[in-house]
Structure formats: C-alpha cells, structure tokens
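The values are calculated or read from the model by the stated rules, or taken from the named source; none is laboratory data. Keep in mind the model is a prediction, meaning the values are calculated, not measured. Every residue, glycine as well, gets a Cβ built from its backbone with ideal geometry; the counts of neighbours run over all protein chains shown.
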Amino acid sequence: MKRKRLRCVPLFFTVFSLALSGCGRTAGQQETGLDAGTVSASSVETGAEESISGAEPVSAENGEKIVFPERYCETIGNVTFNMDVVVNTDLTAGSMVTAKAQMQKVDRENAFLLLFDSIEEYDTYDYEEEDEYGKNAHSVTYVSPEETTLAYGPQSSKFDYMERDLMPYVQNAFVPFRDEHFNADLYSRSAQLAFMTREEAFETVQKVLEKIGVAIEPVYVGYALDYKTMQSQEYHEDMDGKIDRSQYKAQWTDEDDCYYFYINQTYKGLPLYHVYNQVFADVEEINAPIQAVVSGEGLEWLNIEKVFAVSEEKGGVSLADLKAVIQTAADKYNQVLGSSAYEIVKAELYYYVDLSSGKGTYDVKPVWILTGNEKGGPNLQIIIDAQTAEEIVP
C-alpha cells in the first residue's frame, strides 16, 4: 500500500390540425410528464388502414407555436403505427438548432478531495490510453483496502466511484437487464424510503456532480430499492453458473435501503441522446450516461459514461414532414423478407450527438427515435434524421 495525494494538471416547421378517429386511446400526458399537442396529418394513399385525416400541412410562420399529434395510427404494409408522439418541449418555428458538442471534463482533483481524501491507504493504478481526441491521456484508479474505488479517464467525462460494502449485493438483487433474471418491475419508481425522499437523494447526487464540474440539465428515474425486496431477489452464481450461497449477504436490514438513479442529459428541453459506449444504441434506462446509488450513508456509487457541453448553435433548422419520417420506417421494415409484422408504439423527438462525426467534437442534430417490436418477437428501434427523414445507422 502507498499513500499518494492526487495532483491533476490541470418542417421548416409544419403545424398540423387534426381530427383523431379510430386510433385507440388519446394520450393526454406522456410518460415523460410533458404534454404533446393536438394535430392532424394528411392521409397517405397506400391502401392501408388509416386513422388520421385532415387538411394538407400548413407552413408555420417564424415564431408560431408548433404542435404534433399525441397519437398516430396507420398501417402501411406489414408495419402498424399505433404510437405516441412525444415532444418534451414547446416548439416554435425556427426554434430547433444544429450544434457542436464536446465531452465535459470531470474535475479530477475536486473529485478526489471530495470522495477519497479521507482514505489514508490505497493502491494507485496509473496508465495511458487514448482519449476522445485520439491523444494519449492518463487513466487512474484508486483502490482502498476496503475496496472502495475511484477511477477516471481516459475520456474527459469518464468517471466511476464505488463503495464496496453494499453495491455488490445491490447489483445482484436489482436486475434491470431484460434477461431471465430481470426484476426491475418489482421495485417502485414512485415510493419514498424512510431514510430520505427520492428528491433529497437526487439532490445528494446533484451536489456531487456540481462539485466535480459536471453541469447538465438532468431528467432522471429513481428506483426505491427496499431491503426486503432485495433480500428476496438476491442471486449469485459461481463460475459454473450454479447458485453460490457463500456470496449472499449475511443479513439485510432497513439500513440497506437505497435509491438507484438513471440520469439523462437534456438540451433545450429535449433528451440529448448518444450511442452508449459507442456500442449500445437502444434508448433504455440501463444505457443512461449517469447512474448513481444513494443510501442513508450517502453516495454509494456514481458512474459517468459521457456528458456533453453544447456550443456553436445554428438556429432556424427545418424539420421534415412527420409523414415522411413514418414512411422511412415503413419502407425499412417492409423490405424485410418473410411474413413478419411490426408495430411502432412510440416516436420521440431528441437531439442526437453523432459520435461518428469527429474526434472530440461532434455534430448535434434533431432526430426522431421510433420504438416498437416485431410482433411475437424482439423489440426494435430506428433513428431517423428529423431534417432529412433519412435513417441514421449508428
């Protein structure tokens, strides 16, 4: 062991007026908690089942409020659109932008002083890797005898802190991955735990983020992990995939209650989306760029993958007609060989950070992300450029 003090050198917007008919339910307020508007689109001559009718699209004058349909229902070939249309901000003509983004830089010295300075003994692992600019940069990991860890780099915003006394048990009792052990639906996203409210727990995370130099407009989901449910769900396997009782927690108490947060970044009121770790493109809670756990003892875990500072905005961006976006999705899945049928259940407007557009500095543009499923099969997602209505393949 060695003691070491860290020193870091430093459409054309389109307004739709809409009569909804035969579309199933009308969504009043989306899951995200923000109202979408009421619109109508002209019907498409496809011979398909249509449930939206109305006048031809009318161009909006600059500054005029833009609204979209809350629901859109239509069948085009093998693709059924029975979807919520989610726009989580008030739009006006010309209010959308394109921009540039760079990763925010975690203040490593402040992070060490805040989270690790009280630890007197630890091992330090210092090595060089390539950062987001393609340059050599330091990655450092500190590990205490109790296996508390703090790590950062090589990317500017890459960061991880973990207390080891509780987290291994939490991670084996709360399973958000949709496999045979999935159990996230057993934990409440609204209940309050006795030691602290969900809002107070999130403030704990927010204060840490601010102190380490991460400034974002967040939106989050917080699961209340109560110890009784965790105790009933704890599951450990050995190297052969068999239950390993030796790894189970000796005793669970209410002191183990905690909140598990998935935190996403927003930009101008819309979700700011990127492909998680440049591999996982699905919009899912488990791909949130910031994740944290807070117990009565304080911060148990904080992981930051990528967060961005956005600049060089260029306003007045025109969006393609929503019908063109829908047609792009229909064309994609109708070209698939076989008799599969598809259902699209949601279209949401995002700002997209295109990590393939450069090294260190990336393009930001508006996109529609459509999600649904192959009927009787897996979930699906398609990303469509909101300006050109062309599919984006990450």
Here the qualifying pairs (Cβ atoms under 9 Å; residues six or more apart or on different chains; first in the stretch 366-380 and more than 18 Å from E391 (Cα to Cα) and outside the structural domain of R178 (by TED's automatic domain parsing); second surrounded by fewer than 12 Cβ atoms within 10 Å (Cβ to Cβ) and among the acidic types (D, E)) come out as none
**Request:** Could you check, for the stretch 349-367, whether at least one of its residues is under 18 Å from V79 (Cα atoms), within 22 Å of the chain's Cα centre (by Cα) and in a strand (DSSP E or B)?
**Result:** no
Of the residues in the stretch 175-231, those that are surrounded by fewer than 17 Cβ atoms within 10 Å (Cβ to Cβ), under 22 Å from the mean Cα position of the chain (by Cα) and of a type in the set (K, R) number 3
Q: With the condition kept exactly as written, say whether any residue in the stretch 239-258 is buried (at least 16 other Cβ atoms within 10 Å of the Cβ), in contact with a helix residue (DSSP H, G or I) (Cβ under 9 Å, 6 or more places away or on another chain) and under 30 Å from S156 (Cα atoms).
A: yes
Considering residues that are modelled with pLDDT under 95, of a type in the set (G, A, S) and not in a loop (DSSP other than H, G, I, E, B), the number found within the stretch 281-332 is 0
For the stretch 207-225, pairs from a residue that is farther than 29 Å from D254 by Cα to a residue that is among the hydroxyl-bearing types (S, T, Y) and not in a helix (DSSP H, G or I), with Cβ under 6 Å and 6 or more apart or across chains, are E217/T266
Per the filter on the stretch 133-191, residues farther than 21 Å from G296 by Cβ and touching a His at 6+ places or on another chain (Cβ under 8 Å) are G153, P154, V175
Restricting attention to the stretch 358-372, the residues that are out of contact with any helix residue (DSSP H, G or I) (no Cβ under 7 Å at 6 or more places or on another chain) and either β-branched (V, I, T) or surrounded by 14 or more Cβ atoms within 10 Å (Cβ to Cβ) (or both) number exactly 10
